[in-house]
Amino acid sequence: MDLLTKFTFVIACLFAEWCVTFITVANCSEMSGDSALKLPPAANVIPVKQASILGSFYSLSLQSTFPEDLEVNEYCVELLHIYRQRYVTFANCLVTYARPVKICQNCYTGFNSLNEIYANISSDQSGPGNVSCNDSLMRSDRLMLLYTLFSNLDNIWIFAKCSQCLAEHQEALTNDTVYFMATLNQSLSCFEQYQRNATELCKDCKDSYKRLNQLYGRMQKNQTLCIDLEDAMNMTQRLWSKTFNCLLPREETVPVIAVSSFMLFLPVIFYLSSFLHSEQKKRKLIHPKRAKSSSSLMNIQDKFS
């Protein structure tokens, strides 16, 4: 019984050692297989010469350096920085005074500054180093970003007709613009004073609002209005008519009513005159008959006498 137990124990130990050896060999084979999979194939290996060329290209892209003859002149780079600052300043001014619209009276200095630096960049005159910034900054690519950005803001300025509210060289507001704004402030002050009593407002503010309308009409004919004045007048008219429900009879309504009344009674006058004219003709036609009858009667009386 003891021999059988010892023999069984030895067999179990040998079996266990064999199992451990088998598991170890299997793990080693799997690890070697994974590492083999991670190695790149021979077809994907970049040759040494080609790798050196690509390395120089990548270093060029990362460093963003080009040969000296392709680099932008320092003077043009300085103009580009000034252009960026003035562009941002003018764009911020446009957004700040977008509602209510007051861009013409508050942003003309920013527009003049941006226009000045853009003229310097787009000029064909050569700067320091005999280099034209127009060629290096404006015409160097098909996008022409500086031109596109400036054109967008310039179109806004032109469409707003700001030049009609500004004096020569767009350095100050015109006298007409200043006078209109003063007249507008008078009407708005009157509105604010009587805003709680619409009836009194329509009565006491009628004269100032009438003067404002007349001034606006004259400036519209003279083409001296810009978007600032147009927007301010639209809001004032909205307050007068919709908010306070006031009415202002226009002067041209009187002649219109007179002409309309004349046209309305014109058929009556025509028929009445034609009737009187026909009656007068009848009287003229009857009178000779009476005269002829009376003469014939006289002849008969002479015969009998």
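Residues in segment 230-246 that are part of a helix (DSSP H, G or I), open to solvent by 20 Å² or more (accessible area, probe 1.4 Å), farther than 14 Å from P100 by Cα and not charged (D, E, K, R): 4 in all.
Conditions tested, residue by residue: (1) under 22 Å from the mean Cα position of the chain (by Cα); (2) open to solvent by less than 30 Å² (accessible area, probe 1.4 Å); (3) over 20 Å from V72 (Cβ atoms).
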residue	(1), (2), (3)
S122	no, no, no
D135	no, no, no
D141	no, no, no
I156	yes, no, yes
F159	yes, no, yes
A167	no, no, yes
A172	no, no, yes
V178	no, no, yes
T183	no, yes, yes
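Any residue in segment 201-214 that is touching a strand residue (DSSP E or B) at 6+ places or on another chain (Cβ under 8 Å) and modelled with pLDDT of 95 or more? Looking for residues that are touching a strand residue (DSSP E or B) at 6+ places or on another chain (Cβ under 8 Å) and modelled with pLDDT of 95 or more, one finds none in segment 201-214, hence no. Among the residues of segment 247-271, those identified as modelled with pLDDT of 65 or more, open to solvent by 50 Å² or more (accessible area, probe 1.4 Å) and in a loop (DSSP other than H, G, I, E, B) are L247, P249. Please specify each residue of segment 76-129 satisfying the condition of being in a helix (DSSP H, G or I), more than 26 Å from E230 (Cβ to Cβ) and in contact with a helix residue (DSSP H, G or I) (Cβ under 7 Å, 6 or more places away or on another chain). Answer for segment 76-129, where residues must be in a helix (DSSP H, G or I), more than 26 Å from E230 (Cβ to Cβ) and in contact with a helix residue (DSSP H, G or I) (Cβ under 7 Å, 6 or more places away or on another chain): C76, L79, L80, I82, Y83, R86, Y87, I117, Y118, N120, I121, S122. Tell me which residues, restricted to segment 212-230, are in contact with a helix residue (DSSP H, G or I) (Cβ under 6 Å, 6 or more places away or on another chain) and free of Cβ contacts under 8 Å to residues at least 40 places away in the same chain. Within segment 212-230, L212, L215, Y216 meet the criteria. One residue stands out among those in segment 77-106 that are aliphatic (A, V, I, L, M) and within 14 Å of the chain's Cα centre (by Cα): the one that is most open to solvent (accessible area, probe 1.4 Å), which is V95.
The values are calculated or read from the model by the stated rules, or taken from the named source; none is laboratory data. Remember, predicted model here, so these are calculated numbers, not experimental data. Positions of Cβ are backbone-derived with ideal geometry, glycine not excepted, and every protein chain shown enters the neighbour counts. We work out accessible area using only protein heavy atoms, side chains counted, and drop any ligands, DNA or RNA first. Shrake-Rupley method; radii C 1.70, N 1.55, O 1.52, S 1.80 Å.
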